1. Applying the Karplus parametrisation 6.51 cos²θ - 1.76 cosθ + 1.60 with θ = phi - 60° to the phi angles of the range 269-283, what ³J(HN,Hα) value in whole Hz is obtained for each residue in order, glycine and proline being reported as x?
2. What are the ³J(HN,Hα) values, in whole Hz, obtained from phi via the Karplus relation 6.51 cos²θ - 1.76 cosθ + 1.60 with θ = phi - 60°, for each residue of the range 93-103 in sequence order, with x given for Gly and Pro?
3. How much length, in nm to one decimal, is gained on full extension between Arg51 and His365, taken as 0.36 nm per residue of separation minus their Cα-Cα distance?
4. Under the rule of at least 5 residues apart or a separate chain, name every residue whose amide H is placed under 5 Å from the amide H of Asn313.
Amino acid sequence: MTSVQTGNTSKVLSSKRPRMAEQINIEEGKDGTQQPYFTFGVIADIQYADRPDGISGWRTMRFYRQSLLHLRQAIDEWKTEDIPLQFVLQLGDIIDACNACLCQSTNALQVVLKEIKNIDVPFHHIWGNHELLNFDRIFLADSPLNTMFMADEQKPGMGACISNSTDCFNYYAYHFSPFPNFRFILVDSYDLSVHGRDSSNPKYLESSDYLHGNYQSNESEGNQGKCSTGIPDYSLPQLKEFNGGFSSEQLSWLHNVLTFSDERRERVVIAGHIPIHPKTTLKTCLAWNYIEMLTLIHSHPSVVSYLAGHHHNGGYHKDSHGIYHVTMEGVIESPAGTNAFATVSVYGDRMVLNGRGRVKSRVFHYQKWPSGNFTKSPLSQETAEKIRQVQVQ
């Protein structure tokens, strides 16, 4: 894997980079196809560590060693699928943050990656808060958890995947098309974060300002839940250090990619570590600026679903714009005798999520394409202005 800089874009090159699929005409639900076009796997929050089971700060039981056995079982089942998987989405937190305290971060990652090698299927890795508590972004950029080499080549009008940055990555996000008329977009929900960067880094300072400028966590008695003005503020419970958010640059890039998909009438799955819909998770586990992300994807009819992890109890909601939000149950909190993963079969008119263990099965029916203008609803003035400011720079 080789990193190169070209203009204002940082890319990771590989001889195995797949080509973008060519567009074909699919008449949804009327093609007579009984077999899915393709299938893919989904798994989240493995959080492996070589330590005894224990109670988390959320007062839930975590099965650190068992999680590796669950991953092994998932891989064994994926290998026996009637329709071979085309890829797996690993939604982040592949090892637990306790590995950093145990000085076992690198060893734990190697153990998990060794298990993944037992299946000849590419894994697309997302970075969660536990990745950033074990490693900084410079390490991750040069590690097997950087799977940008599987991204599609950029097309005119889509914008750059990654901008130059003093820490190699401004944000870790990319997209790929595994089959004509379908696109998958991995987004960086820790693009804004106080983890993974040196405290002198401009992006760290921006993230810290965002976090503490809106909400100040003050643990002293009498000051809990107060903002920097001293006025109690309970409206932003997601502003916690273990969460993160999306920068204006990344939202602008995503807007460009989704506009491209709208014009080609592609069906799009977005995957990130942190949930963005309050009906799929605890309010304290949402992305910092989840409303901006929701507003953005609601303006694009190509979006079918948003897949996330982070909240180990899982969650599901079909929102008012017909987008399916799935928060995958965490492997780490799955006791022996159960599990938490899924296989998704993709058809011309729907996607079928076949859940295993704690994950429930779901069917995602596609919305009909609007006639004429593809925009379902306008961007909020604030989000539109942020995107405009980035694009004119």
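1. With the stated coefficients, the range 269-283 comes to 10, 9, 10, x, 6, 9, x, 10, 10, x, 8, 10, 6, 5, 4 Hz.
2. With coefficients 6.51, -1.76 and 1.60, one gets 6, 6, 10, 7, 5, 4, 4, 5, 5, 8, 6 Hz.
3. Additional length available on full extension: 108.8 nm.
4. Amide H neighbours of Asn313, under 5 Å, 5+ apart: Gly330.
Readers should treat all values here as calculations from the given coordinates under stated rules, not as data from a laboratory. On a predicted model such as this, the values are computed, not experimentally measured, just so you know.
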